[in-house]
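Working notes, beginning with the structure itself.
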């Protein structure tokens, strides 16, 4: 992953980890990395371990992946559908149909996003 997204690796957060409070101490490194990197959103299915009360002071919000993905669909539906079509066109080994990719996204919990994408694709 590091090879394909060189500039997304966060470092220098380790000293902050021990000063943070979250319901699960094993999640503190995620919040520390978000703070150091200036992130505004932590995308996680584990929302209960990132309560707003613990994140608000840092200007960070926890969002379910479906909410995170749905936002650009709502803001730029034509562009998102085009990007989806481009993604599918690039999946050649093996080839993947849009319908199959959407089923995969749905299995991953992106239910509302997939519902909206299906609606947009049928228009």
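Where a number appears in this text, it was derived from the coordinates with a stated rule and is not lab data. Please read all numbers here as calculations on a predicted model, not as lab measurements. For neighbour counting, all protein chains shown are included, and Cβ atoms are generated from backbone atoms with ideal geometry for every residue, glycine included.
Listed values, structure above:
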read-out	value
Length added when fully stretched, residue 45-residue 8, from 0.36 nm per residue minus Cα-Cα	11.3 nm
222 nm mean residue ellipticity, helices alone, for the chain (DSSP H n ≥ 4; -39,500 (n - 2.57); rounded to 500)	-15000 deg cm²/dmol
Label of the coordinate-derived value, semi-axes √(5λ) of the Cα gyration tensor in Å, listed as (i) 39, 26, 13; (ii) 19, 17, 13; (iii) 32, 17, 13	(iii)
Principal-axis tilt of helix 28-37 within the chain, Cα atoms, nearest 10 degrees	80
Crossing angle, helix 98-107 versus the chain [Cα axis fit, 0-90 degrees, rounded to tens]	30
Relative contact order (%) - region 6-63, alpha-carbon pairs under 8 angstrom, separation at least six	31
Cα-based helix-to-principal-axis angle, 77-90 vs the chain, degrees rounded to 10	80
Segments 96-105, 65-74 sorted - mean Cβ within 10 Å per residue, highest first	65-74, 96-105
P(r) of region 6-63 over all Cα-Cα pairs, binned every 10 Å from zero, in whole percent	24, 61, 15, 0
Projected label distance in nm at residue 123 and residue 107, using a 7 Å step from Cα toward the beta-carbon	2.9
Max mean-square fluctuation residue, GNM over the chain, Cα-Cα springs under 10 Å, options 55, 20, 110	20
